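Inspection log for the structure reproduced underneath, given as structure tokens.
Read-outs throughout are calculated quantities, based only on the coordinates presented, and are distinct from any laboratory measurement. What you see is a predicted model, and the numbers here were worked out from it, not measured in a lab. Cβ placement follows ideal geometry from the backbone for every residue including glycine, while neighbour counts extend to all protein chains displayed.
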Amino acid sequence: MAGATASRSNAAAPSALRPMMGETRWVQIVLVMTAMLFLALFLFVPLIAVFVEAFRKGAGAYLESFQDPAAIHAIQLTLLVAAIAVPLNVVFGLAASWAIAKFEFMGKSVLITLIDLPFAVSPVISGVVYVLLFGLQGWFGRRLAEYDIEIIFAVPGIVLATLFVTFPFVARELIPLMQEQGTDEEQAAMTLGASGWQTFYRVTLPNVKWGLLYGVILCNARAMGEFGAVSVVSGHIRGKTNTLPLHVEILYNEYNFVAAFATASLLALLALLTLALKSLVEWKSRHAQPGPCATGEEALP
């Protein structure tokens, strides 16, 4: 009798869950449609509009926009700043994440807070700080002028501003990854006689290579697209201190819409390339994680 009652209860359970499953399906559909509508309005439509405006007068006018010496210099300066800022951020990110994840020291929480500082401070404020420090009327400006050293309204100031807004990206990707991995492998390597450099190069670095590459991609994207901090320290000198985002602003203010949107489309293509590389790294990272059999563990029966 008890068995029959249990069988009837089990048979009735799926039918009782059907209304709930139907409601869950509708909630899921509504959420997905809301997200897609949001993306269409605020991402896809503006992105399509950039390319439509860039090619409004044909491919010839589009390509001619990049033959302007000012546009060529803006592209070169953007690549130069990224080529300087990204490697420096890699060095800082590796050093900071290794110290925070593998060691205990006084001021560790302060260091973590300082790494997050650019996320909390407006880029414009960071640019103003550099002007107050290195401008002609700043703390060190007069002394630097005596030696003909230009930082503000020159390439060094742009590099410094870019470094400030981008240095958290590599460190913030590596810190949780290194903390999750622990120190067991490093301790085993040093027990077997490996030096600190050998331990880092042969144990730590291979374990975090995908996280490091992920951080580099995000850092490079922010370095090429930074506007606020660079706008303050650059002086908007055409052909000298204009990066691609600043060049777009100048062209737009001059009502040269085709050239402005053509340059903006180049930044959009860089963003799409960054997104593709980011997705590739995420896919590689997931497939690079060993399963139980790869680590020598037997699957439980």
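The figures follow:
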| quantity | calculated |
| --- | --- |
| Qualifying residue in region 98-110 (condition: over 30 Å from Gly239 (Cα atoms) and within 20 Å of the chain's Cα centre (by Cα)) | yes |
| Leading residue by the ranking (surrounded by the most Cβ atoms within 10 Å (Cβ to Cβ)) among those in region 208-266 that are closer than 22 Å to Ser122 by Cβ and acidic (Asp, Glu) | Glu226 |
| Pairs, first at negative phi in region 190-214, second surrounded by 18 or more Cβ atoms within 10 Å (Cβ to Cβ) and of a type in the set (Asp, Glu), C-beta under 7 Å, six or more apart | Thr199/Glu186; Val203/Glu186; Thr204/Glu186; Gly211/Glu173; Tyr214/Glu173 |
| Residue, surrounded by the most Cβ atoms within 10 Å (Cβ to Cβ), within region 80-129, restricted to residues that are in contact with a helix residue (DSSP H, G or I) (Cβ under 9 Å, 6 or more places away or on another chain) and farther than 19 Å from Val170 by Cβ | Gly127 |
| Selected residue (only one of Ile48, Ile75, Ile29 is surrounded by 10 or more Cβ atoms within 10 Å (Cβ to Cβ), touching a residue at least 60 places away in the same chain (Cβ under 8 Å), among the β-branched types (Val, Ile, Thr) and in a helix (DSSP H, G or I)) | Ile75 |
| Phe134 being more than 30 Å from Ala189 (Cβ to Cβ), of a type in the set (Phe, Trp, Tyr) and surrounded by fewer than 17 Cβ atoms within 10 Å (Cβ to Cβ) | no |
